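Following: one structure in C-alpha coordinates, then a few remarks.
The values are calculated or read from the model by the stated rules, or taken from the named source; none is laboratory data. Everything numeric here is computed off the predicted structure, so don't read it as measured data. As a convention, Cβ positions derive from the backbone with ideal geometry for all residues, glycine included, and neighbour counts pool all protein chains shown.
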Amino acid sequence: MNARVLYISQRHQRVSVAAQRGRRARFLRTLDNLRVPSLIAPKAQLRVAFAAAEAAPFAKVGGLADVAGSLPQALARLGCEVTLYVPLHGTIDRAKSGIPAAGAERSVSYGASHVRVAYPSIERDGVRVVFVANKRVGRDKVYGAPDDAKRYAFFCRSVAAAIEDEPADIVHAHDWHAALLVPMIGRRVATIFTIHNLAYQGKTSAEILAPVGLVKTRISVEKPGECNPMARAIARADIVSTVSPGYAKEILTPEFGEGLEGLLQQRKADVRGIVNGIDTEFFDPATDPHIAANYSAEDRRGKAQCKAALQTEGGLRVDAETPVLGVIGRLVEQKGIDLLTAVAPDLLEGGAQLVVLGSGDPAYEERWRKLRERYPSRLFLTLGFDAALAQRIYAGCDLFLMPSRFEPCGLGQLISLRYGTIPVVRAVGGLADTVRDVDEDPRAGNGFSFRQYDRAAFSGALARALRAFRRDGDLWNELRGRAMHEDHSWTASAKQYLDMYRLAHKRHRE
Ligand code: ADP
(Lines give C-alpha, C1' and ligand atoms only; values in the text may rest on other atoms or scores of the structure.)
Protein backbone atom coordinates (compact mmCIF):
# COMPACT_ATOMS: atom_id res chain seq x y z
CA MET A 1 0.00 0.00 0.00
CA ASN A 2 1.44 3.39 -0.81
CA ALA A 3 1.86 6.06 1.82
CA ARG A 4 -0.99 8.21 0.56
CA VAL A 5 -3.54 5.41 0.68
CA LEU A 6 -2.36 4.41 4.11
CA TYR A 7 -2.53 8.02 5.27
CA ILE A 8 -6.05 8.53 3.93
CA SER A 9 -7.34 5.30 5.37
CA GLN A 10 -5.82 6.27 8.67
CA ARG A 11 -7.49 9.70 8.65
CA HIS A 12 -10.89 8.31 7.85
CA GLN A 13 -11.07 6.02 10.79
CA ARG A 14 -12.92 7.52 13.72
CA VAL A 15 -10.58 6.60 16.50
CA SER A 16 -9.66 8.31 19.72
CA VAL A 17 -6.67 10.61 19.69
CA ALA A 18 -4.73 8.14 21.83
CA ALA A 19 -5.42 5.20 19.56
CA GLN A 20 -4.64 7.31 16.53
CA ARG A 21 -1.40 8.38 18.13
CA GLY A 22 -0.32 4.77 18.78
CA ARG A 23 -1.25 3.72 15.27
CA ARG A 24 0.56 6.68 13.78
CA ALA A 25 3.70 5.92 15.80
CA ARG A 26 3.63 2.29 14.63
CA PHE A 27 3.00 3.46 11.09
CA LEU A 28 5.94 5.87 11.17
CA ARG A 29 8.17 3.18 12.68
CA THR A 30 7.22 0.87 9.80
CA LEU A 31 8.10 3.57 7.32
CA ASP A 32 11.35 4.26 9.15
CA ASN A 33 12.19 0.58 8.86
CA LEU A 34 11.40 0.72 5.17
CA ARG A 35 13.60 3.85 4.94
CA VAL A 36 10.88 5.89 3.26
CA PRO A 37 10.12 8.63 5.83
CA SER A 38 10.09 11.31 3.13
CA LEU A 39 6.94 9.77 1.67
CA ILE A 40 4.92 10.56 4.79
CA ALA A 41 6.53 13.80 5.87
CA PRO A 42 4.57 16.28 3.72
CA LYS A 43 1.20 14.72 4.52
CA ALA A 44 1.62 13.84 8.17
CA GLN A 45 -0.22 15.84 10.81
CA LEU A 46 1.99 18.26 12.67
CA ARG A 47 2.48 17.09 16.24
CA VAL A 48 2.37 20.15 18.48
CA ALA A 49 3.36 20.15 22.16
CA PHE A 50 1.75 23.18 23.77
CA ALA A 51 2.87 24.24 27.27
CA ALA A 52 1.21 26.88 29.44
CA ALA A 53 0.76 27.67 33.14
CA GLU A 54 -3.02 28.03 32.91
CA ALA A 55 -5.74 26.78 30.61
CA ALA A 56 -9.51 27.25 30.71
CA PRO A 57 -11.67 25.62 31.92
CA PHE A 58 -9.27 23.92 34.34
CA ALA A 59 -7.39 26.87 35.81
CA LYS A 60 -7.87 30.49 34.80
CA VAL A 61 -6.31 33.71 36.01
CA GLY A 62 -6.34 35.74 32.80
CA GLY A 63 -6.24 35.73 29.03
CA LEU A 64 -3.48 33.11 28.78
CA ALA A 65 -5.99 30.55 30.07
CA ASP A 66 -8.51 31.54 27.40
CA VAL A 67 -5.89 31.08 24.69
CA ALA A 68 -4.48 27.78 26.00
CA GLY A 69 -8.04 26.52 26.46
CA SER A 70 -9.21 27.26 22.92
CA LEU A 71 -6.36 27.68 20.40
CA PRO A 72 -5.31 23.99 20.66
CA GLN A 73 -8.85 22.93 19.74
CA ALA A 74 -8.83 25.25 16.73
CA LEU A 75 -5.46 23.79 15.66
CA ALA A 76 -6.82 20.27 16.08
CA ARG A 77 -9.70 21.19 13.79
CA LEU A 78 -7.08 22.20 11.21
CA GLY A 79 -5.53 18.74 11.47
CA CYS A 80 -2.75 19.25 14.04
CA GLU A 81 -2.20 16.62 16.68
CA VAL A 82 -2.00 18.77 19.79
CA THR A 83 -0.91 17.81 23.27
CA LEU A 84 -1.44 20.53 25.85
CA TYR A 85 0.76 20.34 28.97
CA VAL A 86 -0.45 22.23 32.04
CA PRO A 87 0.43 21.92 35.73
CA LEU A 88 -2.05 20.00 37.86
CA HIS A 89 -2.75 22.97 40.14
CA GLY A 90 -4.29 22.25 43.52
CA THR A 91 -7.32 24.30 42.50
CA ILE A 92 -8.21 22.01 39.60
CA ASP A 93 -11.26 19.92 40.38
CA ARG A 94 -10.08 16.48 39.24
CA ALA A 95 -13.47 14.81 39.52
CA LYS A 96 -15.29 17.60 37.65
CA SER A 97 -12.69 17.62 34.87
CA GLY A 98 -12.64 13.81 34.67
CA ILE A 99 -8.90 13.63 35.31
CA PRO A 100 -8.01 10.01 36.11
CA ALA A 101 -6.23 9.16 39.35
CA ALA A 102 -3.47 7.40 37.48
CA GLY A 103 -1.52 8.25 34.38
CA ALA A 104 1.87 7.76 32.80
CA GLU A 105 4.72 8.22 35.26
CA ARG A 106 8.27 9.32 34.69
CA SER A 107 11.32 9.76 36.77
CA VAL A 108 12.47 13.31 36.07
CA SER A 109 16.01 14.31 36.95
CA TYR A 110 16.32 17.31 39.25
CA GLY A 111 19.83 18.17 40.39
CA ALA A 112 21.43 15.04 41.72
CA SER A 113 18.10 13.36 42.40
CA HIS A 114 15.18 11.98 40.45
CA VAL A 115 11.61 13.02 41.08
CA ARG A 116 8.58 10.88 40.26
CA VAL A 117 6.10 12.85 38.15
CA ALA A 118 2.67 11.62 37.07
CA TYR A 119 1.03 12.71 33.82
CA PRO A 120 -2.70 11.95 33.99
CA SER A 121 -4.38 12.98 30.76
CA ILE A 122 -7.80 13.53 29.27
CA GLU A 123 -9.07 14.26 25.82
CA ARG A 124 -10.94 17.48 25.22
CA ASP A 125 -12.38 18.30 21.79
CA GLY A 126 -9.65 16.50 19.89
CA VAL A 127 -6.81 17.75 22.10
CA ARG A 128 -4.92 15.61 24.56
CA VAL A 129 -4.55 17.55 27.80
CA VAL A 130 -1.71 16.26 29.97
CA PHE A 131 -1.57 17.46 33.58
CA VAL A 132 1.88 17.55 35.12
CA ALA A 133 1.24 16.21 38.60
CA ASN A 134 3.82 16.71 41.28
CA LYS A 135 3.82 18.72 44.49
CA ARG A 136 6.75 20.79 43.24
CA VAL A 137 4.50 22.04 40.43
CA GLY A 138 0.87 22.00 41.62
CA ARG A 139 -0.04 24.44 44.39
CA ASP A 140 -3.18 26.17 45.53
CA LYS A 141 -2.39 29.23 43.39
CA VAL A 142 -1.45 29.39 39.72
CA TYR A 143 0.95 32.26 40.45
CA GLY A 144 2.30 33.90 43.55
CA ALA A 145 4.12 31.13 45.46
CA PRO A 146 7.53 32.27 46.75
CA ASP A 147 9.26 29.61 44.66
CA ASP A 148 7.36 30.20 41.40
CA ALA A 149 10.60 30.43 39.39
CA LYS A 150 11.82 27.04 40.64
CA ARG A 151 8.49 25.29 40.29
CA TYR A 152 7.91 26.49 36.75
CA ALA A 153 11.48 25.51 35.84
CA PHE A 154 10.63 22.03 37.11
CA PHE A 155 7.34 22.11 35.17
CA CYS A 156 9.38 22.79 32.01
CA ARG A 157 11.79 19.99 32.90
CA SER A 158 8.87 17.58 33.32
CA VAL A 159 7.34 18.62 29.99
CA ALA A 160 10.72 18.22 28.25
CA ALA A 161 10.95 14.68 29.69
CA ALA A 162 7.50 13.82 28.33
CA ILE A 163 8.40 15.20 24.89
CA GLU A 164 11.43 12.90 24.79
CA ASP A 165 9.07 9.95 25.07
CA GLU A 166 6.32 11.38 22.90
CA PRO A 167 8.09 13.39 20.23
CA ALA A 168 6.63 16.53 18.73
CA ASP A 169 7.33 18.44 15.52
CA ILE A 170 6.68 21.78 17.17
CA VAL A 171 7.16 22.80 20.77
CA HIS A 172 5.05 25.85 21.50
CA ALA A 173 5.81 27.48 24.86
CA HIS A 174 3.75 30.34 26.32
CA ASP A 175 4.96 33.16 28.55
CA TRP A 176 7.78 33.02 31.09
CA HIS A 177 6.41 30.03 33.01
CA ALA A 178 6.99 27.73 30.04
CA ALA A 179 9.92 29.70 28.60
CA LEU A 180 12.76 27.50 29.86
CA LEU A 181 11.30 24.67 27.81
CA VAL A 182 12.78 26.41 24.75
CA PRO A 183 16.47 26.11 25.78
CA MET A 184 15.74 22.65 27.21
CA ILE A 185 14.54 21.47 23.81
CA GLY A 186 17.47 23.21 22.14
CA ARG A 187 17.78 22.48 18.47
CA ARG A 188 16.14 19.04 18.58
CA VAL A 189 12.66 20.26 17.65
CA ALA A 190 11.33 23.49 16.11
CA THR A 191 10.33 25.88 18.88
CA ILE A 192 7.84 28.73 19.02
CA PHE A 193 7.69 31.07 21.97
CA THR A 194 4.62 33.23 22.43
CA ILE A 195 4.71 36.38 24.54
CA HIS A 196 1.34 37.07 26.14
CA ASN A 197 2.66 39.82 28.34
CA LEU A 198 6.23 41.11 28.21
CA ALA A 199 5.85 42.82 31.58
CA TYR A 200 6.15 39.47 33.37
CA GLN A 201 9.54 37.94 32.53
CA GLY A 202 10.08 35.65 35.53
CA LYS A 203 13.48 37.16 36.41
CA THR A 204 15.14 35.14 39.12
CA SER A 205 18.46 33.77 40.33
CA ALA A 206 20.59 31.76 37.91
CA GLU A 207 20.75 29.10 40.68
CA ILE A 208 17.52 27.60 39.32
CA LEU A 209 19.20 26.57 36.07
CA ALA A 210 21.63 23.80 37.02
CA PRO A 211 19.07 21.51 38.74
CA VAL A 212 16.97 21.46 35.57
CA GLY A 213 19.99 20.72 33.39
CA LEU A 214 20.54 24.18 31.89
CA VAL A 215 23.85 26.01 31.67
CA LYS A 216 24.32 29.16 33.69
CA THR A 217 25.98 31.05 30.82
CA ARG A 218 24.50 34.51 30.90
CA ILE A 219 22.73 36.08 27.93
CA SER A 220 23.32 39.76 27.13
CA VAL A 221 20.27 41.21 28.93
CA GLU A 222 20.89 39.33 32.18
CA LYS A 223 22.82 40.78 35.10
CA PRO A 224 25.48 38.54 36.70
CA GLY A 225 23.80 35.74 38.63
CA GLU A 226 20.42 36.42 37.04
CA CYS A 227 18.18 34.24 34.91
CA ASN A 228 15.51 35.85 32.75
CA PRO A 229 13.41 32.93 31.41
CA MET A 230 11.46 35.06 28.96
CA ALA A 231 14.63 36.60 27.50
CA ARG A 232 16.22 33.15 27.14
CA ALA A 233 13.23 31.90 25.17
CA ILE A 234 13.22 35.00 22.97
CA ALA A 235 16.91 34.49 22.25
CA ARG A 236 16.57 30.78 21.44
CA ALA A 237 13.16 30.09 19.87
CA ASP A 238 12.96 29.54 16.13
CA ILE A 239 10.07 31.97 15.98
CA VAL A 240 8.88 34.45 18.61
CA SER A 241 5.25 35.44 18.41
CA THR A 242 2.98 37.71 20.33
CA VAL A 243 -0.75 38.10 20.52
CA SER A 244 -1.46 41.00 18.16
CA PRO A 245 0.31 42.64 15.23
CA GLY A 246 0.20 45.99 17.04
CA TYR A 247 1.96 44.67 20.16
CA ALA A 248 4.51 42.86 17.94
CA LYS A 249 5.58 46.28 16.66
CA GLU A 250 5.32 48.07 19.99
CA ILE A 251 7.61 45.67 21.87
CA LEU A 252 10.48 46.62 19.58
CA THR A 253 10.43 50.10 21.16
CA PRO A 254 11.74 51.27 24.55
CA GLU A 255 8.23 52.42 25.54
CA PHE A 256 6.78 48.89 25.44
CA GLY A 257 9.87 46.66 25.27
CA GLU A 258 10.28 46.28 29.07
CA GLY A 259 14.06 46.35 28.65
CA LEU A 260 14.03 43.54 26.06
CA GLU A 261 13.55 45.79 23.02
CA GLY A 262 17.23 45.41 22.02
CA LEU A 263 17.02 41.61 22.12
CA LEU A 264 13.71 41.70 20.26
CA GLN A 265 15.22 44.01 17.64
CA GLN A 266 17.92 41.39 17.06
CA ARG A 267 15.18 38.80 16.50
CA LYS A 268 13.01 41.20 14.51
CA ALA A 269 12.94 39.01 11.38
CA ASP A 270 11.47 36.16 13.44
CA VAL A 271 8.94 38.14 15.47
CA ARG A 272 5.28 37.71 14.46
CA GLY A 273 1.99 39.07 15.78
CA ILE A 274 -1.20 37.01 15.57
CA VAL A 275 -4.31 38.42 17.16
CA ASN A 276 -6.07 36.20 19.70
CA GLY A 277 -9.45 34.71 19.02
CA ILE A 278 -12.01 33.67 21.61
CA ASP A 279 -13.92 30.47 22.15
CA THR A 280 -17.12 31.57 20.41
CA GLU A 281 -18.98 28.44 21.51
CA PHE A 282 -18.27 29.11 25.15
CA PHE A 283 -18.80 32.86 24.87
CA ASP A 284 -22.11 32.74 23.05
CA PRO A 285 -25.05 34.80 24.30
CA ALA A 286 -27.37 32.48 22.35
CA THR A 287 -26.50 29.51 24.55
CA ASP A 288 -24.72 30.95 27.62
CA PRO A 289 -26.28 29.21 30.65
CA HIS A 290 -25.10 31.92 33.07
CA ILE A 291 -27.13 34.83 31.73
CA ALA A 292 -30.76 35.83 32.42
CA ALA A 293 -31.95 35.47 28.82
CA ASN A 294 -30.29 34.21 25.69
CA TYR A 295 -30.05 36.40 22.61
CA SER A 296 -28.28 36.53 19.29
CA ALA A 297 -27.16 39.06 16.70
CA GLU A 298 -30.45 38.53 14.85
CA ASP A 299 -32.72 38.64 17.88
CA ARG A 300 -31.27 40.87 20.57
CA ARG A 301 -34.36 41.22 22.76
CA GLY A 302 -32.88 39.09 25.56
CA LYS A 303 -30.12 41.64 26.14
CA ALA A 304 -32.56 44.07 27.83
CA GLN A 305 -33.50 41.30 30.27
CA CYS A 306 -29.82 40.64 30.96
CA LYS A 307 -29.35 44.33 31.72
CA ALA A 308 -32.33 44.43 34.09
CA ALA A 309 -31.15 41.24 35.83
CA LEU A 310 -27.65 42.69 36.30
CA GLN A 311 -29.08 45.93 37.71
CA THR A 312 -31.20 43.91 40.13
CA GLU A 313 -28.28 41.67 41.15
CA GLY A 314 -26.08 44.72 41.84
CA GLY A 315 -28.72 46.68 43.77
CA LEU A 316 -28.84 49.32 41.01
CA ARG A 317 -31.98 51.09 39.81
CA VAL A 318 -33.60 48.96 37.12
CA ASP A 319 -33.87 51.30 34.17
CA ALA A 320 -33.30 50.58 30.50
CA GLU A 321 -32.42 54.22 29.76
CA THR A 322 -29.57 54.42 32.28
CA PRO A 323 -26.23 53.48 30.72
CA VAL A 324 -24.50 50.57 32.44
CA LEU A 325 -20.71 50.49 32.05
CA GLY A 326 -18.69 47.35 32.81
CA VAL A 327 -15.10 46.69 33.84
CA ILE A 328 -13.68 43.17 34.24
CA GLY A 329 -10.01 42.52 34.82
CA ARG A 330 -6.98 42.90 36.97
CA LEU A 331 -7.12 46.18 38.89
CA VAL A 332 -3.54 47.12 38.06
CA GLU A 333 -1.70 49.95 36.31
CA GLN A 334 -1.50 48.01 33.03
CA LYS A 335 -5.29 48.05 32.74
CA GLY A 336 -5.52 51.80 33.30
CA ILE A 337 -6.94 51.46 36.79
CA ASP A 338 -5.70 54.98 37.62
CA LEU A 339 -7.75 56.43 34.75
CA LEU A 340 -10.80 54.36 35.69
CA THR A 341 -10.58 55.46 39.31
CA ALA A 342 -10.18 59.08 38.23
CA VAL A 343 -13.23 59.17 35.93
CA ALA A 344 -15.56 57.01 38.09
CA PRO A 345 -17.00 59.84 40.28
CA ASP A 346 -17.84 61.95 37.21
CA LEU A 347 -19.51 59.00 35.49
CA LEU A 348 -21.55 58.13 38.57
CA GLU A 349 -22.50 61.76 39.28
CA GLY A 350 -23.48 62.05 35.61
CA GLY A 351 -26.13 59.36 36.03
CA ALA A 352 -24.32 56.28 34.71
CA GLN A 353 -24.12 52.98 36.56
CA LEU A 354 -20.81 51.12 36.91
CA VAL A 355 -20.29 47.37 37.33
CA VAL A 356 -16.74 46.42 38.28
CA LEU A 357 -15.34 42.90 38.75
CA GLY A 358 -11.67 42.31 39.46
CA SER A 359 -8.89 42.23 41.96
CA GLY A 360 -5.35 43.52 42.07
CA ASP A 361 -3.50 46.41 43.61
CA PRO A 362 -4.70 46.63 47.27
CA ALA A 363 -4.47 50.43 47.26
CA TYR A 364 -6.85 50.64 44.30
CA GLU A 365 -9.14 47.98 45.77
CA GLU A 366 -9.44 50.21 48.85
CA ARG A 367 -10.27 53.27 46.74
CA TRP A 368 -13.00 51.31 44.98
CA ARG A 369 -14.45 50.14 48.30
CA LYS A 370 -14.67 53.82 49.28
CA LEU A 371 -16.41 54.62 45.99
CA ARG A 372 -18.94 51.87 46.72
CA GLU A 373 -19.65 53.42 50.14
CA ARG A 374 -20.24 56.75 48.43
CA TYR A 375 -22.37 55.45 45.56
CA PRO A 376 -24.02 52.23 46.82
CA SER A 377 -26.93 52.42 44.38
CA ARG A 378 -24.85 53.26 41.31
CA LEU A 379 -21.74 51.11 41.66
CA PHE A 380 -21.87 47.30 41.73
CA LEU A 381 -18.39 46.29 42.87
CA THR A 382 -17.11 42.72 43.22
CA LEU A 383 -13.50 42.31 44.32
CA GLY A 384 -12.48 38.79 43.33
CA PHE A 385 -12.62 36.31 40.48
CA ASP A 386 -16.01 35.03 39.29
CA ALA A 387 -16.26 33.58 35.78
CA ALA A 388 -20.07 33.30 35.76
CA LEU A 389 -20.56 36.85 37.02
CA ALA A 390 -18.15 37.99 34.29
CA GLN A 391 -20.51 36.53 31.70
CA ARG A 392 -23.53 38.24 33.27
CA ILE A 393 -21.60 41.53 33.11
CA TYR A 394 -20.57 41.09 29.46
CA ALA A 395 -24.23 40.41 28.64
CA GLY A 396 -25.86 43.00 30.90
CA CYS A 397 -23.81 46.13 30.16
CA ASP A 398 -24.16 48.72 27.42
CA LEU A 399 -20.48 49.70 27.36
CA PHE A 400 -17.26 47.94 28.36
CA LEU A 401 -14.21 49.95 29.47
CA MET A 402 -10.55 49.07 28.81
CA PRO A 403 -8.37 52.18 29.04
CA SER A 404 -5.15 50.12 29.16
CA ARG A 405 -1.71 51.66 29.43
CA PHE A 406 -0.51 48.75 27.27
CA GLU A 407 -2.41 45.71 26.02
CA PRO A 408 -0.80 42.72 24.27
CA CYS A 409 -4.18 41.67 22.86
CA GLY A 410 -6.98 41.99 25.39
CA LEU A 411 -9.87 39.58 25.42
CA GLY A 412 -12.44 41.60 27.33
CA GLN A 413 -13.16 43.79 24.31
CA LEU A 414 -13.60 40.72 22.07
CA ILE A 415 -15.95 39.01 24.50
CA SER A 416 -17.96 42.20 24.99
CA LEU A 417 -18.32 42.65 21.21
CA ARG A 418 -19.66 39.11 21.05
CA TYR A 419 -22.28 40.03 23.68
CA GLY A 420 -23.23 43.28 21.90
CA THR A 421 -21.61 45.43 24.57
CA ILE A 422 -19.73 48.31 22.99
CA PRO A 423 -16.08 48.71 24.01
CA VAL A 424 -14.45 52.02 24.97
CA VAL A 425 -10.71 51.42 24.80
CA ARG A 426 -7.35 53.09 24.56
CA ALA A 427 -6.00 52.56 21.03
CA VAL A 428 -2.93 50.55 22.01
CA GLY A 429 -1.61 47.05 21.17
CA GLY A 430 -4.34 44.54 20.44
CA LEU A 431 -7.05 47.02 21.40
CA ALA A 432 -6.03 49.22 18.47
CA ASP A 433 -6.07 46.16 16.20
CA THR A 434 -9.58 45.08 17.17
CA VAL A 435 -11.58 48.21 18.05
CA ARG A 436 -12.33 50.85 15.41
CA ASP A 437 -13.73 54.17 16.57
CA VAL A 438 -17.22 54.65 15.19
CA ASP A 439 -16.86 58.42 15.01
CA GLU A 440 -13.75 58.03 12.84
CA ASP A 441 -15.33 55.28 10.78
CA PRO A 442 -19.14 55.46 11.00
CA ARG A 443 -19.73 52.56 8.59
CA ALA A 444 -17.31 50.02 10.03
CA GLY A 445 -16.61 51.29 13.56
CA ASN A 446 -17.36 48.92 16.43
CA GLY A 447 -16.55 50.99 19.50
CA PHE A 448 -14.92 54.13 20.86
CA SER A 449 -11.24 54.75 21.38
CA PHE A 450 -8.74 57.39 22.47
CA ARG A 451 -4.97 57.62 22.04
CA GLN A 452 -3.34 59.81 24.66
CA TYR A 453 -3.03 58.09 28.04
CA ASP A 454 -4.72 60.74 30.15
CA ARG A 455 -7.94 61.40 31.96
CA ALA A 456 -9.14 64.08 29.53
CA ALA A 457 -8.78 61.81 26.49
CA PHE A 458 -10.55 58.94 28.25
CA SER A 459 -13.34 61.25 29.45
CA GLY A 460 -13.71 62.54 25.90
CA ALA A 461 -14.19 59.04 24.49
CA LEU A 462 -16.64 58.18 27.29
CA ALA A 463 -18.64 61.35 26.63
CA ARG A 464 -18.90 60.48 22.93
CA ALA A 465 -19.98 56.92 23.77
CA LEU A 466 -22.60 58.08 26.26
CA ARG A 467 -23.95 60.66 23.81
CA ALA A 468 -24.30 57.97 21.15
CA PHE A 469 -26.06 55.65 23.61
CA ARG A 470 -28.53 58.34 24.69
CA ARG A 471 -29.04 60.03 21.33
CA ASP A 472 -30.21 57.65 18.69
CA GLY A 473 -31.68 54.26 19.42
CA ASP A 474 -31.53 53.11 15.82
CA LEU A 475 -27.88 53.97 15.33
CA TRP A 476 -27.00 52.38 18.64
CA ASN A 477 -28.87 49.24 17.67
CA GLU A 478 -27.06 49.15 14.36
CA LEU A 479 -23.70 49.49 16.12
CA ARG A 480 -24.65 46.70 18.51
CA GLY A 481 -25.68 44.42 15.64
CA ARG A 482 -22.42 45.12 13.79
CA ALA A 483 -20.40 44.32 16.90
CA MET A 484 -22.22 41.02 17.37
CA HIS A 485 -21.81 40.00 13.75
CA GLU A 486 -18.01 40.33 13.85
CA ASP A 487 -16.08 37.08 13.74
CA HIS A 488 -13.58 36.88 16.59
CA SER A 489 -13.39 33.10 16.57
CA TRP A 490 -10.03 31.36 16.21
CA THR A 491 -10.70 30.41 12.59
CA ALA A 492 -8.47 33.01 10.93
CA SER A 493 -5.79 33.21 13.63
CA ALA A 494 -5.40 29.43 13.99
CA LYS A 495 -4.58 29.29 10.27
CA GLN A 496 -1.85 31.86 10.83
CA TYR A 497 -0.46 29.76 13.67
CA LEU A 498 -0.49 26.73 11.41
CA ASP A 499 1.43 28.65 8.73
CA MET A 500 3.93 29.71 11.39
CA TYR A 501 4.32 26.09 12.55
CA ARG A 502 4.87 24.92 8.98
CA LEU A 503 7.50 27.59 8.44
CA ALA A 504 9.31 26.72 11.68
CA HIS A 505 9.12 23.00 10.90
CA LYS A 506 10.41 23.51 7.36
CA ARG A 507 13.27 25.73 8.50
CA HIS A 508 14.14 23.23 11.17
CA ARG A 509 14.26 20.31 8.74
CA GLU A 510 16.45 22.33 6.40
P1 ADP B 1 -5.06 39.69 31.05
O2 ADP B 1 -4.02 40.72 30.78
O3 ADP B 1 -5.46 39.69 32.50
O4 ADP B 1 -4.74 38.33 30.54
P5 ADP B 1 -7.18 39.72 29.03
O6 ADP B 1 -8.16 40.78 28.64
O7 ADP B 1 -6.28 39.21 27.96
O8 ADP B 1 -6.36 40.25 30.29
O9 ADP B 1 -7.97 38.45 29.57
C10 ADP B 1 -8.64 38.47 30.79
C11 ADP B 1 -9.58 37.28 30.84
O12 ADP B 1 -9.84 36.96 32.22
C13 ADP B 1 -10.93 37.56 30.22
O14 ADP B 1 -11.51 36.34 29.83
C15 ADP B 1 -11.71 38.15 31.41
O16 ADP B 1 -13.10 38.03 31.26
C17 ADP B 1 -11.21 37.27 32.53
N18 ADP B 1 -11.19 37.91 33.85
C19 ADP B 1 -10.33 38.86 34.29
N20 ADP B 1 -10.59 39.19 35.56
C21 ADP B 1 -11.64 38.44 35.94
C22 ADP B 1 -12.39 38.33 37.16
N23 ADP B 1 -12.08 39.05 38.21
N24 ADP B 1 -13.40 37.43 37.19
C25 ADP B 1 -13.71 36.69 36.10
N26 ADP B 1 -13.06 36.75 34.93
C27 ADP B 1 -12.03 37.61 34.85
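Selection within segment 144-201: residues that are in contact with a helix residue (DSSP H, G or I) (Cβ under 8 Å, 6 or more places away or on another chain) and hydroxyl-bearing (Ser, Thr, Tyr). The member of this set that is nearest to Val86 (Cα to Cα) is Tyr152. Would you point out the residue of segment 445-465, among those that are part of a helix (DSSP H, G or I) and of a type in the set (D, E, K, R), that is nearest to Leu399 (Cα to Cα)? Filtering segment 445-465 for residues that are part of a helix (DSSP H, G or I) and of a type in the set (D, E, K, R), the one nearest to Leu399 (Cα to Cα) comes out as Arg464.
Just to verify a result, which residue in segment 435-463, among those that are within 16 Å of the ligand (Cβ to nearest atom) and not aliphatic (A, V, I, L, M), is surrounded by the most Cβ atoms within 10 Å (Cβ to Cβ)? It comes out as Ser449. Does any residue of segment 191-205 turn out to be closer than 25 Å to Ser109 by Cα, more than 26 Å from the chain's Cα centre (by Cα) and modelled with pLDDT of 95 or more? Within segment 191-205 (the criterion being closer than 25 Å to Ser109 by Cα, more than 26 Å from the chain's Cα centre (by Cα) and modelled with pLDDT of 95 or more), the answer is yes, since at least one residue qualifies.
When residues in segment 317-347 are screened for being away from the ligand (no atom under 16 Å from the Cβ) and either of a type in the set (Gly, Ala, Ser) or touching a His at 6+ places or on another chain (Cβ under 9 Å) (or both), 3 of them pass. The helices (runs of 4 or more DSSP H) located wholly in segment 201-298 that include 1 or more residues which are surrounded by fewer than 20 Cβ atoms within 10 Å (Cβ to Cβ) and of a type in the set (Asp, Glu) occupy 261-266.
Please determine whether any residue of segment 121-142 is touching a strand residue (DSSP E or B) at 6+ places or on another chain (Cβ under 8 Å), among the hydroxyl-bearing types (Ser, Thr, Tyr) and in the same structural domain as Ala52 (by TED's automatic domain parsing). Looking through segment 121-142, at least one residue is touching a strand residue (DSSP E or B) at 6+ places or on another chain (Cβ under 8 Å), among the hydroxyl-bearing types (Ser, Thr, Tyr) and in the same structural domain as Ala52 (by TED's automatic domain parsing). In summary, Asp288 fulfils each of the numbered conditions (1) within 16 Å of the ligand (Cβ to nearest atom); (2) under 20 Å from Trp176 (Cβ atoms); (3) acidic (Asp, Glu) with the single exception of condition (2).
Among the listed residues Ala494, Ala432, which satisfies the condition of being under 29 Å from Leu75 (Cβ atoms) and within 15 Å of the ligand (Cβ to nearest atom)? Exactly one residue qualifies, and that residue is Ala432. Mind checking which residues of segment 348-358 are out of contact with any Ser or Thr (no Cβ under 9 Å at 6 or more places or on another chain) and either under 15 Å from Met402 (Cα atoms) or within 16 Å of the ligand (Cβ to nearest atom) (or both)? The answer is Leu354, and nothing else. The helices (runs of 4 or more DSSP H) located wholly in segment 320-422 that include 3 or more residues which are closer than 23 Å to Ala297 by Cα occupy 387-396, 412-418.
Look at (1) buried (at least 23 other Cβ atoms within 10 Å of the Cβ); (2) not assigned by TED's automatic domain parsing to the domain that holds Leu371 and you find that Val324 fails only one, number (2). Among residues of segment 83-111 being closer than 20 Å to Ile195 by Cβ and of a type in the set (A, V, I, L, M, F, W, C), the one that is nearest to the ligand (Cβ to nearest atom) is Val86. Only residues that are more than 8 Å from the ligand (Cβ to nearest atom) and more than 26 Å from Asp175 (Cα to Cα) were counted across segment 392-416, and they come to 8. State whether the residues of segment 174-189 include one that is part of a loop (DSSP other than H, G, I, E, B), modelled with pLDDT of 95 or more and in the same structural domain as Asp499 (by TED's automatic domain parsing). So far as segment 174-189 goes, yes, one or more of its residues are part of a loop (DSSP other than H, G, I, E, B), modelled with pLDDT of 95 or more and in the same structural domain as Asp499 (by TED's automatic domain parsing).
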